[in-house]
Structures are given as C-alpha cells and as structure tokens.
C-alpha cells in the first residue's frame, strides 16, 4: 500500500507540470502543444516496446482497442480540453475544477466494504480546501476576467468528465487484467496516444510553416519532450502501479497532489506567493489526503 501511495503522489507531481507548461510558450496553439506532448509520449513508448520486443508482452487486438479508447479519455481528449480551458480562463481556476476529480472518483469508486463515514473526513477536507481556494482572489489585482472565461470553465468541466471516466475505468481494467504490468500498459497507451496526437494535429493543428516562424521553437520542443517523458510516460507507469495496488477511491484522493503541485508551479511561474487563504486551502488538501489514507488502512 505504501508503494502505491508514493507512486500516486509522484504521478501527481509530474502531472502538475502540464498546467503551467502551455503558459511558457503562449505563441503556440493548444492543439499544437497537446500534439507535441503526446507525439513525444508515443515515440518514447514505441522505443521502449522495440527495446523489449523479445521479452515484453505484446497486446492482443482487444487490448490494443482498449488502449486506444483509454488514450482518448485520459490523454489526447482530456489534455486538449484542458489546454483550451487554460487558454480561455487562465491556470488556477481550471486547475481547481480538475482538482474536484478526487471527489468524483471517491464517490464513484468507493469499495463496497468501506463505510461512507470513514471517507467523510477526507472528502469534507478536500471540499473545504476547494471552496476556500475558489473564493480566494486569482490573478493580478486590477485585471478583469479573460474574455472567454465562461467557455474556459465549460471546457475544464468537460476535461474533468473525461479524466474521471478514465481514472475509474483504467483502474478497473488493470484489476481485471493482472497479467498486464504497469510498464507494458503505459507503453500501449503511449503508442495509441501518439497515433491519436498525429491525427489531432493533422486535423486541427497549425501548419509547418506557421510552426517554423515561431521564435521559441527550441523551448516548445524541450517542453514537448519533457512533458511527454515525465508527465506522460513515467507518470502513467507510476499511476498504473498505484491503480493496481490501491482502491479507486484512494487513488482518487491522491489526485489532489496534482492540484497542489500545479498551484505550486503556477505561483512559481508568476513569481508571487499564495495568499493566506490559498495556503490554508493547500493545508486542507494535504490533510484530506492523509485522512483518506488513514481511512483506507
């Protein structure tokens, strides 16, 4: 159980990077950034599969189809919606909307033997933290809301639905297929995600000439590779390990760590300290994780 918890927390730390990375290359369209990250993930996963061609397990047609479906829910579809939401509503509020994923996963993925009373402390602490963070002022004083703020909130909600379905379905699939290990499943998801990202870019991405004239092309490539490797390939392996060892409800609570790290990275990028309310909200998030771990023990 301890190994699963540590793996889930580490995955959250890596996932948190994807909330601030698009802000580092504002000249690129959301589709381009999503495609760049996931093409890198697919290339890394394909290379790992080739290196282990003789020793690693290969997917059946049915398993490949499952990987393709989950790749849309948990990667290309989810992240495209999130990047669009960040473009329209900024970083912090979409981060907080995504931060409610633990609540939905806890509610929908609770083990039958676990009493609701045992989950209540962690759930209430997380809700209190989200409420406090949402009520805190966001952005720089004097700035109005972005022009497409409401659309950004809707896009963030859609990305929440995608990843909630992915989290519950992915955990259930892994438990039904114990013969598939975490690394193999991450590689299969990666190849499917990379193929989907190519289709996504061809359908809606910027043309090569448009990309070539961007001044920060090197940074875009570095961020694509870094998030493709760390926030996708490695984080997926870690999350698969957590999903195999822990219940869906506890995994859901661990996703709060993604919110904590995303906020930390956002504050660091903006060069400002959180307000007292935001500090308190982060403390409530942390206590919620600890309370949920205690309940599941």
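Of all residues in region 92-103, at least one satisfies being modelled with pLDDT under 85, over 18 Å from residue 154 (Cβ atoms), assigned to a helix (DSSP H, G or I) and under 16 Å from the mean Cα position of the chain (by Cα). Restricting attention to region 33-53, the residues being part of a helix (DSSP H, G or I) and surrounded by fewer than 23 Cβ atoms within 10 Å (Cβ to Cβ) number 9.
Inspect all residues belonging to region 14-22 and state whether any of them is closer than 24 Å to residue 246 by Cα, in a helix (DSSP H, G or I), at pLDDT 90 or above and over 15 Å from the mean Cα position of the chain (by Cα). Checking region 14-22: not a single residue is closer than 24 Å to residue 246 by Cα, in a helix (DSSP H, G or I), at pLDDT 90 or above and over 15 Å from the mean Cα position of the chain (by Cα). If only residues of region 202-217 that are surrounded by fewer than 14 Cβ atoms within 10 Å (Cβ to Cβ) and either in contact with a strand residue (DSSP E or B) (Cβ under 8 Å, 6 or more places away or on another chain) or part of a helix (DSSP H, G or I) (or both) are counted, the one that is modelled with the lowest pLDDT is 203.
Within region 80-87, one or more residues are under 18 Å from the mean Cα position of the chain (by Cα), farther than 20 Å from residue 270 by Cα and part of a helix (DSSP H, G or I). Could you say whether any residue in region 161-172 is over 15 Å from residue 75 (Cα atoms), exposed (fewer than 14 other Cβ atoms within 10 Å of the Cβ) and at pLDDT 85 or above? The answer is yes, given that some residue of region 161-172 is over 15 Å from residue 75 (Cα atoms), exposed (fewer than 14 other Cβ atoms within 10 Å of the Cβ) and at pLDDT 85 or above. With respect to residue 253, determine if the residue is in a helix (DSSP H, G or I) and either modelled with pLDDT of 95 or more or more than 13 Å from the chain's Cα centre (by Cα) (or both). When the stated conditions are applied, residue 253 passes them.
Within region 190-209, residues that are at negative phi and touching a residue at least 60 places away in the same chain (Cβ under 8 Å) have Cβ atoms under 6 Å from residues that are assigned to a helix (DSSP H, G or I) and surrounded by fewer than 16 Cβ atoms within 10 Å (Cβ to Cβ) in these pairs: 191/46, counting only partners at least 6 apart in sequence or on another chain.
Residue 274 satisfies every condition listed in (1) in a helix (DSSP H, G or I); (2) in contact with a helix residue (DSSP H, G or I) (Cβ under 6 Å, 6 or more places away or on another chain); (3) farther than 21 Å from residue 29 by Cα except (1). So which of 229, 220, 261 is within 13 Å of the chain's Cα centre (by Cα) and either surrounded by fewer than 16 Cβ atoms within 10 Å (Cβ to Cβ) or under 23 Å from residue 76 (Cβ atoms) (or both)? Testing whether each residue is within 13 Å of the chain's Cα centre (by Cα) and either surrounded by fewer than 16 Cβ atoms within 10 Å (Cβ to Cβ) or under 23 Å from residue 76 (Cβ atoms) (or both) leaves just 261. With respect to the stated conditions, residue 243 is in a helix (DSSP H, G or I) and either in contact with a helix residue (DSSP H, G or I) (Cβ under 6 Å, 6 or more places away or on another chain) or at pLDDT 95 or above (or both).
Each row is one residue, and each column tells you yes or no for (1) without any contact (Cβ under 8 Å) to a residue 60 or more places away in the chain; (2) farther than 23 Å from residue 185 by Cβ.
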position	(1), (2)
55	yes, no
62	yes, no
78	no, no
83	no, yes
91	no, yes
118	no, yes
129	no, yes
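Screening 285, 261 for residues that are outside any loop (DSSP other than H, G, I, E, B), farther than 14 Å from residue 125 by Cα and touching a residue at least 60 places away in the same chain (Cβ under 8 Å) leaves exactly one candidate, 261.
Residues that are farther than 17 Å from residue 258 by Cα and either at pLDDT below 85 or surrounded by 24 or more Cβ atoms within 10 Å (Cβ to Cβ) (or both) within region 70-80 comprise 71, 76, 80, listed in sequence order.
The values are calculated or read from the model by the stated rules, or taken from the named source; none is laboratory data. The model shown is predicted, which means the values in this text are computed figures rather than measured ones. We place every Cβ from the backbone using ideal geometry, glycine too, and count neighbours over all the protein chains shown.
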